[in-house]
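Accompanying notes for the structure given below.
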């Protein structure tokens, strides 16, 4: 059974592709409307700060965009049992959004020519948060979960030149910190 927050996030990711398809047919000057919502680092440098948020779910209707959306939506559904057991619904959404934005902020270091989109930074934040929340709450390292996280992180971050590994890293680092703080809070609440 998929949690409400997992289902909502998967739907939002899929809706971002539909939105990207619909807005790709509307031109503003020489660019499509979709381009306003993707993260163009140069544009963000010049004040298009909304792209740090909108690029999380809006995807261009190209093969890479479709593949990214399908992979991310399936990942959320597949990981939902772990994620929804580690986070309350509010923590789930907040960790996802703040991890994704953290990943996008770190991506700004890649230079002005980077164009990126996708929810992977937020998903890695949730996954890393589940690992560190478990560690902080239980005072033990779940070796299997940690090994699985590292394997997925390394494979998905460095398997293609088109993957924004900085977004993955930024999201994971934020998620690690957030999960650890939540785990400490839970451990304190149960003492």
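Touching a helix residue (DSSP H, G or I) at 6+ places or on another chain (Cβ under 7 Å) and more than 20 Å from residue 165 (Cβ to Cβ): which single residue out of 48, 94, 73 fits that description?
Of the residues listed, the single one that is touching a helix residue (DSSP H, G or I) at 6+ places or on another chain (Cβ under 7 Å) and more than 20 Å from residue 165 (Cβ to Cβ) is 73.
Residue 108 fails exactly one of the following numbered conditions: (1) in contact with a strand residue (DSSP E or B) (Cβ under 9 Å, 6 or more places away or on another chain); (2) without any contact (Cβ under 8 Å) to a residue 40 or more places away in the chain; (3) in a helix (DSSP H, G or I). What is the number of that condition?
(2)
Answer yes or no as to whether residue 64 is surrounded by 14 or more Cβ atoms within 10 Å (Cβ to Cβ) and at pLDDT 95 or above.
So residue 64 fails the test.
Would you tally the residues in region 4-46 being in a strand (DSSP E or B) and crowded, with 16+ Cβ neighbours inside 10 Å?
The total comes to 3.
Residues checked against (1) modelled with pLDDT of 95 or more; (2) in a helix (DSSP H, G or I); (3) surrounded by fewer than 24 Cβ atoms within 10 Å (Cβ to Cβ):
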site	(1), (2), (3)
113	yes, no, yes
129	yes, yes, no
134	no, yes, yes
146	no, yes, yes
154	no, yes, yes
163	no, no, yes
172	yes, yes, no
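When you check residue 118 against the structure, is it at positive phi and in contact (Cβ under 8 Å) with a residue 60 or more places away in the chain, yes or no?
Yes; evaluated as a whole, the condition is true for this residue.
Going through region 56-67 one residue at a time, which ones are touching a helix residue (DSSP H, G or I) at 6+ places or on another chain (Cβ under 7 Å) and over 18 Å from residue 10 (Cβ atoms)?
Correct list: 60, 61.
Yes or no: residue 184 crowded, with 24+ Cβ neighbours inside 10 Å, modelled with pLDDT of 85 or more and in a helix (DSSP H, G or I)?
Considered against the rule, which asks whether it is crowded, with 24+ Cβ neighbours inside 10 Å, modelled with pLDDT of 85 or more and in a helix (DSSP H, G or I), residue 184 comes out as no.
Within region 168-181, does at least one residue satisfy the condition of being under 20 Å from residue 60 (Cα atoms) and in contact with a helix residue (DSSP H, G or I) (Cβ under 9 Å, 6 or more places away or on another chain)?
For region 168-181, residues under 20 Å from residue 60 (Cα atoms) and in contact with a helix residue (DSSP H, G or I) (Cβ under 9 Å, 6 or more places away or on another chain): present.
Can you confirm whether region 47-68 contains a residue that is farther than 23 Å from residue 171 by Cα and assigned to a loop (DSSP other than H, G, I, E, B)?
Yes, region 47-68 contains at least one residue that is farther than 23 Å from residue 171 by Cα and assigned to a loop (DSSP other than H, G, I, E, B).
The values are calculated or read from the model by the stated rules, or taken from the named source; none is laboratory data. As the structure is a computational prediction, the values presented were derived from the model and not from experiment. So basically every Cβ, Gly included, is an ideal-geometry build from the backbone, and we count neighbours across all protein chains shown.
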